[in-house]
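So the structure is just underneath, and the comments pick up after that.
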Amino acid sequence: MRRRALLILAILLAAGGAWGWHSLPPSVAIAVATTGPALRAVYATGSVEPVHWAKVGPAVRARITAVMVDEGQRVTEGQPMARLDDREALHRVEEADARARFAEDELARTRTLVTREVASRSALDRAESEARAVRAVADAARRRLDDYIVRAPSAGLVLRRDAEVGEVVDTPAALFWIGEPRPLRVTAEVDEEDIAQVREGQRALLRADAFPGQVLPATVGQITPKGDSTRKAYRVRLNLPEDTPLLIGMTVEANIVLHQSDNAVLVPPSAVRDGRVFVIRRERVEPRRVELGVQGARSVEVLRGLAPGEMVVLDPPAGLAAGQLVRLRS
């Protein structure tokens with residue numbers, strides 16, 4: 001009888017313990033709504049380049065025989081920068097000149113024969129036509145000699161030189177970059193899904209690996225009207241201030257600012273579920289419908305429905321109801 005009574009007592013204690021465990025309020029983690037800047041931006045990548053610059057390449061395929069300028073040197077328009085091997089071209093000029101001289105001699109003889117009425121007028125016309133044709137060929141061959149000299153298309157500074165004596169270069173090659181080191185700009189690519197939100201004059205924030213931890217300013221200066229259908233992107237020029245530390249050729253990540261609130265109400269993204277937050281009041285929860293603004297990876301802007309300093313539940317457990325008592329997790 002005693003053993004039976006003890007068994008019944010143990011069952012009652014276990015049931016009471018289980019009931020007590022299930023009746024405990026759920027344990028939740030909380031966060032406090034804070035204020036801070038909220039930024040909505042369009043992301044882009046690009047590179048730094050001068051506003052005024054040009055690539056200089058050869059007009060013909062040939063071997064470089066001389067390089068007359070170096071990086072950092074200032075050049076004038078038309079100044080020779082490199083010379084290409086023109087020996088074969090000179091031979092063609094000599095041959096064309098010889099043909100032209102022969103045709104001109106033939107023309108002179110034909111004129112004499114026409115004067116003596118030995119040759120016909122039509123023979124003179126043919127000789128004149130032949131002489132003009134071969135002289136034109138010779139003049140063109142002589143003008144093409146200038147293609148073997150790479151000249152500066154405009155005045156500027158030699159920003160980069162990729163030419164060495166002995167190299168064989170072709171027309172697509174860029175042997176020199178000429179331009180002015182200031183002012184600078186960023187040429188960036190913006191996805192076609194975002195380009196409709198970008199306007200001239202908008203502020204941009206730049207980051208570069210060369211300056212870790214720094215946010216550098218820029219301004220949208222120009223948007224190319226025609227996009228690239230292959231890359232599905234549009235080219236956007238970002239103007240840089242005169243004192244920018246960025247250098248030509250650096251790559252940057254750009255955030256073109258669309259909207260910024262300096263004193264926005266912010267909560268962690270995990271506090272929002274289905275457009276609601278659960279506010280803690282005297283250890284009880286109050287579901288609150290909120291209107292969201294900028295949504296980032298670390299915080300979400302709450303436009304309406306929440307005040308700074310209010311406590312919200314993080315990762316609200318399923319079934320959490322209005323007025324339910326909760327325990328705050330340390």
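From largest accessible area down, sort TYR148, TYR43; use a 1.4 Å probe on the protein chains. Numbers along the way, then the final one.
Details: TYR148 30, TYR43 115 Å².
I get TYR43, TYR148, largest accessible area first.
Using the crude model of +1 on Lys and Arg Cβ and -1 on Asp and Glu Cβ, and no other charge, please compute the dipole size for the stretch 165-208 relative to its Cα centre, in debye to 20. Mind dumping the intermediate values first?
Numbers: 5 positive and 9 negative charges, 87 e Å.
In debye, rounded to 20, the stretch 165-208 gives about 420.
Stokes-Einstein diffusion coefficient for the chain at 37 °C in a medium of 0.692 mPa s, Rh from the Kirkwood formula over Cα pairs: what value in µm²/s? Spell out each step's value before the answer.
Values: Rh = 28.2 Å.
So the translational diffusion coefficient is about 116 µm²/s.
To the nearest 0.05, what FRET efficiency results for ARG92 and THR45 with a Förster distance of 56 Å applied to their C-beta separation?
Details: r = 48 Å, r/R0 = 0.86.
With R0 = 56 Å, the Cβ-Cβ based efficiency is 0.70.
Of all the accessible heavy-atom surface of the chain, with the other protein chains kept in place and a 1.4 Å probe, what percent is carbon and sulfur?
Looking at the chain in its full context, I get 51 percent from C and S.
HN-Hα J couplings of the stretch 211-217 from phi, Karplus 6.51/-1.76/1.60, θ = phi - 60°, integer Hz, Gly and Pro as x?
So the J values, rounded to whole Hz, are 10, x, x, 9, 10, 9, x.
Which one of SER299, ALA54, LEU24 is farthest out on the positive end of the charge dipole of the chain, using unit charges on Cβ (Lys, Arg +1; Asp, Glu -1) and the Cα centre as origin?
Most positive-ward Cα: LEU24.
How high is the FRET efficiency between ASP315 and ALA196 when r is their beta carbon distance and R₀ equals 22 Å, given to the nearest 0.05? Don't jump to the answer; show the numbers that get you there.
On the way: r = 36 Å, r/R0 = 1.61.
My answer for the efficiency is 0.05.
Quick one: if the Förster radius is 35 Å, what FRET efficiency do VAL32 and PHE211 give, using the C-beta to C-beta distance and rounding to 0.05?
Values: r = 33 Å, r/R0 = 0.95.
Step by step, r from the Cβ atoms, then E = 0.55.
Calculate, for the chain, the solvent-accessible area per residue in square angstrom, rolling a 1.4 angstrom probe over the heavy atoms of the protein chains.
Values: 20340 Å² over 330 residues.
Value for the chain: 62 Å² per residue.
Ordering THR34, THR187 by how much accessible area each has at a 1.4 Å probe, largest first, what is the list?
Working: THR34 70, THR187 25 Å².
Heavy-atom accessible area, descending, gives THR34, THR187.
Relative to the present Cα-Cα distance, how much length would full extension add between GLN222 and ARG298 at 0.36 nm per residue of separation?
On the way: separation 76, 0.36 × 76 = 27.36 nm, distance 3.18 nm.
My answer for the length gained is 24.2 nm.
The values are calculated or read from the model by the stated rules, or taken from the named source; none is laboratory data. Everything numeric in this text was worked out from a predicted model, so none of it was measured. So basically every Cβ, Gly included, is an ideal-geometry build from the backbone, and we count neighbours across all protein chains shown. Please note that ligands, DNA and RNA were not included when accessible areas were found on the heavy atoms of the full protein model with its side chains. Shrake-Rupley method; radii C 1.70, N 1.55, O 1.52, S 1.80 Å.
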